[in-house]
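Report on one structure; see the data block that follows.
The values are calculated or read from the model by the stated rules, or taken from the named source; none is laboratory data. Keep in mind it's a predicted model, so treat the numbers as computed, not measured. Every residue, glycine as well, gets a Cβ built from its backbone with ideal geometry; the counts of neighbours run over all protein chains shown. SASA here: full protein model, heavy atoms, side chains in, ligands and nucleic acids out. Shrake-Rupley method; radii C 1.70, N 1.55, O 1.52, S 1.80 Å.
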Amino acid sequence: DSGVTQTPKHLITATGQRVTLRCSPRSGDLSVYWYQQSLDQGLQFLIHYYNGEERAKGNILERFSAQQFPDLHSELNLSSLELGDSALYLCASSVSWEYLNYEQYFGPGTRLTVT
Amino acid sequence: AQSVAQPEDQVNVAEGNPLTVKCTYSVSGNPYLFWYVQYPNRGLQFLLKYITGDNLVKGSYGFEAEFNKSQTSFHLKKPSALVSDSALYFCAVRDDQTGANNLFFGTGTRLTVIP
């Protein structure tokens, strides 16, 4: 168990809908990263938050957004869902972005299925 | 820009034999390299990292990796494979553009250890 929790584990929804995925980082970790894992695209970095502020963006669609709250948990919002958004969404945390030695610890993921 | 390549989609090895999972990288600055393992329906687990120092890095579960700067490779190795090592293995490199510590992953190599 990495200490990173994600809810829900599974989510099935229809095209055009909006969902929110939640991630709680390990105790003491200030950085949260979101990744998307799909058969087509592999593992792709979406977005990084550090202590409530956005630090870096990757291949994140405009329909997707995220935020990190004062208690450091993060939410990833996916809207106007399309079939191609079906994927495993992984959250990872690390102590900081500044210290290059800190590896990321991953949660079990949320499996999103868009029908 | 940075990237990693895992040239083998699938590696099969007999139990008790040594295993190697290959990874090559491309970065503009210093390479910060990682190996992660993913078991079915689970998130990614950190195995080991290379930041600086010795070219042979030891990690979890008896795995090690050899950093070779001239060949830009970071192959994962284990002297004696176990059936329980069967999983999906990802090589990753730290983003050297934003400095935000997010990771770029390879496409993954599925390791099957045959009893």
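Points worth noting:
- Residue that is most open to solvent (accessible area, probe 1.4 Å), among those in segment A:1-22 that are at pLDDT 95 or above and closer than 22 Å to residue B:47 by Cβ: A:5
- For the residues A:66, A:87, A:56, the requirement of being more than 8 Å from chain B (Cβ to nearest Cβ) and either open to solvent by 10 Å² or more (accessible area, probe 1.4 Å) or farther than 18 Å from residue B:88 by Cβ (or both) singles out A:66.
- Members of segment B:75-97 found to be free of Cβ contacts under 8 Å to residues at least 60 places away in the same chain and surrounded by 14 or more Cβ atoms within 10 Å (Cβ to Cβ), listed by number: B:75, B:76, B:77, B:86, B:87, B:88
- Every condition in (1) within 11 Å of chain A (Cβ to nearest Cβ); (2) more than 29 Å from residue A:10 (Cα to Cα); (3) open to solvent by 90 Å² or more (accessible area, probe 1.4 Å) holds for residue B:18 except the one numbered (1).
- Strands (runs of 3 or more DSSP E) fully within segment A:1-64 that include at least 1 residues being more than 18 Å from residue A:105 (Cα to Cα): A:10-13, A:19-24, A:31-38, A:42-50, A:53-57.
- Checking B:93, B:37, B:27, B:57 one by one, the residue that is farther than 28 Å from residue A:38 by Cβ, in contact with a strand residue (DSSP E or B) (Cβ under 7 Å, 6 or more places away or on another chain), within 14 Å of chain A (Cβ to nearest Cβ) and not acidic (Asp, Glu) is B:57 and no other.
So that you can scan it fast, the table gives a plain yes or no per residue for (1) out of contact with any Phe, Trp or Tyr (no Cβ under 8 Å at 6 or more places or on another chain); (2) at negative phi:
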site	(1), (2)
B:14	yes, yes
B:24	no, yes
B:29	yes, yes
B:32	no, yes
B:43	no, yes
B:62	yes, no
B:69	yes, yes
B:72	no, no
B:78	no, yes
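- For the condition within 18 Å of residue A:22 (Cα to Cα), modelled with pLDDT of 90 or more, more than 12 Å from the chain's Cα centre (by Cα) and not β-branched (Val, Ile, Thr), residue A:82 does not qualify.
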